[in-house]
Every structure is written in structure tokens, then in C-alpha cells.
1. Less than 15 Å Cβ to Cβ from P302, Lys/Arg counted +1 and Asp/Glu -1: what total charge do the surrounding residues give?
2. Mind checking which of T148, T206, T284 has the largest fluctuation in a GNM of the chain, springs on alpha carbons under 10 Å?
3. Farthest toward the dipole's positive end in the chain, which of I246, A111, F224, given Cβ charges of +1 (Lys, Arg) and -1 (Asp, Glu) about the Cα centre?
4. Can you give the extra length, in nm with one decimal, that the chain gains between A230 and L201 once fully stretched, where that is 0.36 nm per residue apart less the Cα-Cα distance?
5. Which order do C66, C36 fall in if you start with the one that has the fewest other Cβ atoms within 10 Å?
6. Please say if the chain is rounded, prolate or oblate, where rounded means a/c under 1.5 for a ≥ b ≥ c the square roots of the C-alpha gyration tensor eigenvalues, and otherwise the choice is prolate for a/b larger than b/c and oblate otherwise?
7. Out of G266, L125, W154, whose Cα points farthest toward the positive end of the dipole of the chain (charges: +1 Lys, Arg; -1 Asp, Glu; placed on Cβ)?
8. In whole Å, what is the distance between the alpha-carbon centres of the stretch 76-92 and the stretch 210-245?
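The numbers here are math on the coordinates, done by the rules we state, and not lab data. Keep in mind the model is a prediction, meaning the values are calculated, not measured. Because the Cβ atoms are built from the backbone with ideal geometry, glycine has one as well, and the counts that use them run over all protein chains shown.
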Amino acid sequence: MAIAETENVLIRAGKCVVTVLPQFGGKIASIRIGECELLQTPLAPIVPRTPTMGFDEGDASGWDECLPSVAACKVQLEDGTAEIADHGSLWRTRWAEVGDRAKKPDSISLAGNCLALSLMLERKLTLSETARGWRLNLLYRLNNTGITPMPWSWAAHPLLAVEKGDRIVLPKSIRSLRLEGSGCGRLGKGGDTVAWPVATLADGSTVDLSIAEASESGIGDKLFAGPLAASENWCALERPSAGLRIRVSLDSMATPYLGLWICYGGWPERPGPKQVCVAMEPATAPVDSLAVTGPWSRVLAPGEWFSWPMEVEIERIER
């Protein structure tokens, strides 16, 4: 039996099955509706991770939690400097199950500890069937388990599989995004403002960023929206060929930013399989690096905690 299959946890609601891997950072490895997989499938076998490996050295699939940073960086603490590895540390560690799942087979609660900082993240997943499809509710709680203040940032990292022609939908009031990075500089340089949905490329041509392109396009762009107003607390991915619409909702007071990773064969940069996905990422900051500070920066005092929700609705739509 493959390593990734030895401790799989399944939660079900009708035709929807969610697979969680506690031993691999609490990864949500699969969200499947019948035979339709909604998440990016593994680019490599899911095997134990090291404390310093890059995200592109692993399976680069499914849904991980990025904490305390998305980008690798160094941050200054009261008692020295901490080195944060690529995509944070939670995806590298074994998470522990919290509570008695036998009493609630439609949910699972897990907790994981950061490697570099004294932070522990608890996450409860609950899956239910609705009149229009399914709902995945997530509730997070972050605790400072140490004796000194801890800086932190968080971003969900759900890599949603896409096909050419699928559509990203943002609130109409969002007219521009901040560029974090763009493969080959096609959208410009980090920090630039990019119009949404129709953007001007570096070569002067225009593109509708809301429409997914073919897997051979070689595109890999990361953008941020926010801070979001209360009416801008959602985003969606429409997949006509699958007959589904995936809507992500967030608490704009607790997690006021939305990261958007659009990748159509443009990453990883190394030889081998590439991602073909869109990640709609509720986040606490409009940047990937914890070392880049601003009014969004957060610190938890010793013994302090912070909690926030997230919701994913999967709705049937006409093909």
C-alpha cells in the first residue's frame, strides 16, 4: 500500500467524498463528486517531506495550509531570527486528530504545529449536502503555544483543477489586483497594479484573466485582491464541462485578502508534469512573504489565539 493511502480519512455527503491526509500536513488530497476530481492531482508521489524542501519538490497538489508564510523568508523574533521555508511549515508535518470522529463521521478536526515558530493551527472540516450541491465548512483556530510574541500570516491553498474555458468570477466591484509575480513577466513586475478581468500584457496586448487557458499556455501568475469589503467576501470558479460551480466565501474582517494563483502549465519551472489549476486563496496579507510588513502584519501574544471561518460551496449548474 502506498504511503499516502495508509492513514487516509474520508468524509462523505451523498456523492461528494473528501479525502484528508493527517500524516501529510492535514492535506485535503481530494474533493470528488462521483468520478469528477475537483483538486489538482499529484505531480509526484505523496511522500514524507523534509523541513527545508521546496514546494515544487513535492507532489504540489490538493489543498494545503500555508502558515506562517507562503514564500520562504527570514523573520526577526525577540530571541533571534527564524527561517521560514517555502509555503510555510504546516504542509511538512504530521497533524493530530482532535476529538472523536466516530460521533461525527461528516467532519474531522486536526491540529498541526509549525516547525519554525511556536504556533499551532487547528482546523475543523464539516461536509454537508445541500439542495443545490454540497458545502464544506472550515473553522480555523491559531494558538501561540510559546512564551514570546509570534508573527504570522495565513493563506489557504486549494489548487482547483481547471480546463480551458472555465471561468473565474470575482465581485463586480473588484476592478484591479496587485501582482505578486508573473511567469516571464507577462503581466509586469511584482507590485504592479493589474486590471481585472481584462488586463494589458507587458507586450501591449490584452487578455481576459477570468477565462482559463489551455494547459500548454505556460502561464503562471499570482495576484491579490483586497482589502475586501463585506460585500466582496467571495469568489467562484465555474466549470461548465463538469456541470459545477465552486464558490469560496471568507470573513472579510478576519481574512481581508484574496490570493489568486492561475497556472496553465507554467509551474513548476523544472522539467516534468505541470500544474493546471486555479487557487482562490483567502489570506490575512496581500503578499506572500511574512518578512514584507505593513498594516496587514499580525502578531500573536503568548497564549493568545485567533479564529476565522471559510466556506466552499459546490453547486450543480447546467452543462
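1. With Lys, Arg at +1 and Asp, Glu at -1, the net is -2.
2. Looking only at T148, T206, T284, the biggest GNM fluctuation is shown by T206.
3. Comparing the listed Cα positions along the dipole, I246 ranks first.
4. Gain on stretching A230 to L201: 7.4 nm.
5. On the way: C66 23, C36 15.
Starting with the residue having the fewest Cβ neighbours, the order is C36, C66.
6. The shape class here is rounded.
7. With unit charges placed on the Cβ atoms, the residue in question is L125.
8. After rounding, the separation between the Cα centres reads 29 Å.
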